[in-house]
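Take a look at the structure set out below.
Values quoted throughout were computed directly from the atomic coordinates according to the rules given, and no laboratory measurement underlies them. Treat the numbers as computed from the prediction; the structure is a model and nothing was measured. Cβ sites come from the backbone with ideal geometry, for glycine too, and all protein chains shown count toward neighbours.
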Amino acid sequence: MGSERSALEVTHPSNPVYMRGELMANIMDYKPMVNIKPFGQCKSLGAPCVPSTVSPWLPGKADVLVKGHPALMDDCRCVCAWAGQIEI
């Protein structure tokens, strides 16, 4: 429901995991304002976006673990409580 794109912030302070030089994320990287930054204006609320994600990304790559959780892939989705669906 955001008016702009945003970037996923991968925060694994100890022992980060890289693949082909890129930092890997897992399905637990869904924390609002930490991993998921605002998307401009929220079309649902008519106010600045404040992500409100309450559950992990789905489906994840169950046979590839990053920091003990399924890897985040480009087909994963995360739901915002303000009626938005976040995708990679």
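Pull up all non-local amide H partners of Gly2: gap of 5 or more, or a different chain, and H-to-H distance under 5 Å with H placed in the peptide plane.
The list, which skips near neighbours in sequence, is Lys43.
Excluding residues fewer than 8 places away in the same chain, name every one of the lysines whose C-alpha is closer than 21 Å to that of Lys61.
Those lysines meeting the cut-off are Lys31.
Between Glu22 and Ala83, what's the calculated FRET efficiency when r is the beta-carbon distance and R0 is 25 Å? Round to 0.05.
0.25
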